[in-house]
Amino acid sequence: MAIVTIPKSGEYGVIKDQPAQELPINAWSDSANIRFREGGAERFKGEKQLFDTPTVTPYWLQQYNQGGKRWWIHAGTGKLFADDGVGARSEITPTSAPTGAIDDRWTGGVMNGVLVANNGVNVPLYWGGTGVMASLPAWPATTRVASLRPYKNVLVGIDVTKNVGTSNDRFPHMVKWSNAAVPGALPDSYDHTDVTRLAGEIDLAEEPSLMVDQLPLGDANIIYKEAAMFSMVPSGGADVFRFQRLPGAVGALARGCVANTPIGHVVLTAGDVILHSGQGPKSIITSVLRRWIFNQIDSTNRKRSFVTVNPAANEVWVCFPELGKAACTMAAVWNWVDNVWAIRPLNNVTYGALGQIDYNIISTWTANGDVWADGASAWNQDELSPAQTRLLTVGTSPTINAVDVSATFNGSNFTSRLERTGMSFDKPDAVKLIRAVYPRIDAAKGTRVQIQAGGAMDVEGSVTWGAPVTYTVGSTFKADLFATGRFMALRFSSLDNQPWRIRSYDIDLQMMGGY
């Protein structure tokens, strides 16, 4: 008998772009609903529905604090609603309802305590916490912008169309900004010809691709085209703002495909996932999941992808629709502290946003909703503490869900799986026998994990899996298995709605010879 120790089971995460037989011994070739951090591999938590079921399919979500309430705003294609965090919902659709379609992606944010929303088809809207939304004051009635977001004390729009309804003159390289707003108010002018105001516009046409989106990064507003990036910073002079092209011939795939992290912007481009902090892009997914992601993304609906952040776990979620899907069904999850990737299936998600949850939403065990035996939280634990920023998602179900707060997906069980194939143990020509696995699993006593071993006789051959064995934490010493081949495989999967974490494991491995 030879015992082979596999240490730090989460050190490399999952790597799908390299042949399994070439991976480090403690990397994984596939996974689902497993995250990797601090050297271990652990089961993702589930999701919990918040608020009443929406009456429209939400395609945008924004947290907004006003009037002593933590409002959550969600928008369909033609209606907008506000949930106040204590069970009351108000429709805030303006008198002239929006007329955009699914792919007219909403942008906006909060400026000077006022919510701003824009779908690129209608005049941008605002809301102050009472009544219904209304058109932005002073906005030119026949002007539209593809993306509108607050930056410092101005509103910035990109990809501008003027004379809507008549000549529809589009300026796809134009940046347009408002006059500076006074505290607590919205801008009072967007007239770039008024020399008494700071409003202005400029074309960034030195690079021919179309403008996509924008997001502040530190003191700069970063403007993303399809294949270029520009910084926008105050000039301190008559020009108001200074624009500079940033290094790299990359941009954003679609609106919503940029997320801010403590170490810079993470951007889903047309062929990569990059990190940049204003000094040039760096691929963070090459040789890990890059080829896999772009082979999976549906070409027709690729621009429904989005990137968001799960700050509680130091994660960026790159969400995309798989082939043949109309909404996001998969997320590639990057941990920016440990620099590892994971894979999480999604249930037709359309958007994700960050914010705080009102304590009144879920503050009792009854409201928690999990089956007693499946509950993963401690007694009296507040999984949705208002002291912590949370990731919420919306989808076609339609629901508004809090992420990482439950043992199930809204009451439905889900499976977590880890898989590694192609293990040659530095002797690819030798036939091997796996007889047992000794896992080191952190979990509550009685938690069950199913373990399988398999083998293939050559690199291209399919794995023949042995019978699964149940390993019970606290009462099982090892999993007795049987599998032979030159390239060995292991699979761990959950049987209970309980958290578990694999730190490392030992394999009882026997070398059998050449045949």
Spelling it out for R37: with amide H atoms placed in the peptide plane at 1.01 Å from N, the residues 5 or more places away or on another chain with amide H under 5 Å from its amide H are E42
With a Förster distance of 56 angstrom and the Cβ-Cβ distance between V110 and N413, calculated FRET efficiency to the nearest 0.05 equals 0.90
For the chain, any Cys whose C-beta has no other cysteine C-beta under 4.7 angstrom counts as unpaired, and these are C257
Once L210 and T99 are pulled to full extension, the length gained, defined as 0.36 nm per residue separation minus their Cα-Cα distance, is 37.6 nm
Per the rule of 0.36 nm per residue minus the C-alpha distance, extending D442 to T130 adds in nm 107.4 nm
Rounded to a whole %, the carbon-and-sulfur portion of the accessible area of the chain at a 1.4 Å probe is 49
Reported to the nearest 10 Å², V195 has, with a 1.4 Å probe, an accessible area equal to 140
With the 8 Å Cα cutoff and a minimum separation of six or more residues, region 60-164 has a relative contact order in percent of 18
Distance in Å, no decimals, from the C-alpha centre of region 131-158 to the one of region 166-183 is 9
Subtracting the Cα-Cα distance of R89 and D480 from 0.36 nm times their residue separation yields 135.3 nm
In deg cm²/dmol, rounded to the nearest 500, the helical mean residue ellipticity at 222 nm of the chain, built from -39500 (n - 2.57) for every DSSP H run of length 4 or more, is -500 deg cm²/dmol
Using alpha carbon centers only, region 474-515 is separated from region 313-340 by a whole-angstrom value of 28
Sorted largest first, the Cα spans of region 15-125 on the principal axes come out in Å as 61, 32, 29
The distance between the Cα centres of region 395-450 and region 1-33, in whole Å, is 13
With the 8 Å Cα cutoff and a minimum separation of six or more residues, the chain has a relative contact order in percent of 17
Zone reached by a paramagnetic label modelled 7 Å from Q510 Cα along Cα→Cβ, restricted to region 442-474 with backbone N below 20 Å, covers 452-457, 464-469
Here Rg/Rh (Cα, Kirkwood) for the chain equals 1.03
Computed over region 238-288, the relative contact order (Cα-Cα under 8 Å, seq sep at least six) in percent reads 27
For A185 and K69, extending 7 Å from Cα along the Cα-Cβ vector and measuring point to point gives, in nm, a value of 2.7
Regression test value, accessible area per residue of region 21-116, probe 1.4 Å, units Å², expected 35
With all protein chains present and a 1.4 Å probe, the order of E315, E460, E11 from largest accessible area down is E460, E11, E315
One finds, for K8 and S235 with R0 = 60 angstrom and r their Cβ-Cβ distance, a FRET efficiency to the nearest 0.05 of 0.75
Plugging the Cβ-Cβ distance of D52 and T396 into 1/(1 + (r/R0)^6) at R0 = 22 Å yields, to the nearest 0.05, a FRET efficiency of 0.85
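The values are calculated or read from the model by the stated rules, or taken from the named source; none is laboratory data. Model, not experiment: these values are computed from the prediction. Please note: Cβ atoms are built from the backbone with ideal geometry, for glycine as well, and neighbour counts cover all protein chains shown. Protein only, heavy atoms only, side chains kept; ligands, DNA and RNA dropped before computing areas. Shrake-Rupley method; radii C 1.70, N 1.55, O 1.52, S 1.80 Å.
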